[in-house]
1. By how many nm would the segment from ASN111 to ASP260 lengthen if fully extended, with 0.36 nm per residue of separation less the alpha-carbon distance?
2. Taking the mean number of other Cβ atoms within 10 Å as a proxy for protection, how do you rank 337-344, 179-186, 86-93 from highest to lowest?
3. Express the relative contact order of segment 9-103 as a whole percentage, based on alpha carbon pairs under 8 Å and six or more residues apart in sequence.
4. When a/c is below 1.5 the answer is rounded, else prolate if a/b is larger than b/c, else oblate, so apply that to the chain with a ≥ b ≥ c taken from the square roots of the Cα gyration tensor eigenvalues.
5. Using Cα centres only, tell me the gap between segment 272-347 and segment 147-174 in whole Å.
6. Highest mean first, what order results for 212-222, 228-238 on Cβ atoms within 10 Å?
7. Between ALA38 and LEU101, with labels modelled 7 Å along Cα→Cβ, what's the label distance in nm to one decimal, could you check?
8. Before rounding to the nearest 500, sum -39500 (n - 2.57) across all DSSP H runs of length at least 4 in the chain and divide by the residue total; then give [θ] at 222 nm in deg cm²/dmol.
Amino acid sequence: MSDTLQLKQTGRALMEFEVSARQLANQLHRTAESELSALGIVSEELPDELSERRKIVDSALAESRTFRLRHILGDYCWREHGRAALAAFAEIEDELPQEDLSSGSVKIDENPDFEPPAYWATSRFHRTEGGWDGHARMGEIHGEIVHKQYVAKIFPGDIYANRRAVASKAPRKDYSAILEIGVSSGHYTVALSDIFPDAQIHGVDPSLRMLEQAARVGNARGSEWKLKVATGESTGYDDARFDLVTAYAVHHEMPPKAIDAMFHETFRILKPGGDLIFADVPRYADIDKLSAWRFDWLGRHGGEPFWTPSAMLDLATMAQAAGFEIVASEHLQPRQDIYYLIARKPV
């Protein structure tokens, strides 16, 4: 992993304030939810139907001053964290060395004929200012500032350790050709490269800016990843090309139809006997009803239009429909945390 960008005083203060604001919003959320029990609203008695659950919980919390403050502060955080990161980067941008990514060990196929799917091109995920490609070095802003100096500090646990934990669940250690779907800025790619040092790592992502940041990370390590601008549902690779295809935290940014297409595309490009490892947000069916409401609320307000539709899918059933045999379908920690699916293409 490349070193975290060294921000100047104003940039550090901006990001530290954003972290503190988000942590306070999270605390206010927990406090507001604790008020529900006093109103006789408990998770076990909430309706199974999510739309009915929304009406009950949203209506109850609408009367909570704590939750109204949480909503206001949360809206600020979702709107401003990306702006703060852009401002922090602008303060140091002129001092960064010039770069020629094409001369590095990581290679990027920019795929000039690529046409991004409408669901990706028209969604501003996380409500982050500039989206994925809104700045010439947007990948660096995401990977080194938003991810490392904001997201990693506001989510519980270790977001990087979770990636390694998922990759470590692989049934084999001798894969020769691995494809990662949704490379982003390369955090999961690093885990794959460390755990499978002899494998050739390929990766696709619809954002060239994010792939450029992954290349910075890989070049600093001397890795020889081969990256391409493409999506998981249309990779452009030959049939039976890989013996492992994997994705981490990608599905919740895809509509169900695209997820289904990704399963079928993965089946096509896997060798017979090859493995699939997909990891994403917890399945609503496996967590308590109030937690599912919380994720749904955060998705509705935090720039995640596909979070709930994807979290309600039975990914194991979808994999079977695409032709896979299920090896494992569970969460890293029971009934919480990251869900992962391991499946195999029959020989």
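1. Full extension from ASN111 to ASP260 adds 51.3 nm.
2. Per-residue mean Cβ counts within 10 Å order the peptides as 179-186, 337-344, 86-93.
3. This gives 50 percent for segment 9-103.
4. Oblate.
5. Segment 272-347 and segment 147-174 have Cα centres separated by 16 Å.
6. Peptide ranking by packing, descending: 212-222, 228-238.
7. About 5.2 nm, to one decimal.
8. After summing the helix terms and dividing by residue count, I get -13000 deg cm²/dmol.
Any read-out appearing in this document is the output of simple, stated calculations on the displayed coordinates, not a laboratory observation. Everything numeric here is computed off the predicted structure, so don't read it as measured data. Counting neighbours? That spans all protein chains shown, and the Cβs are built from the backbone with ideal geometry, glycine included.
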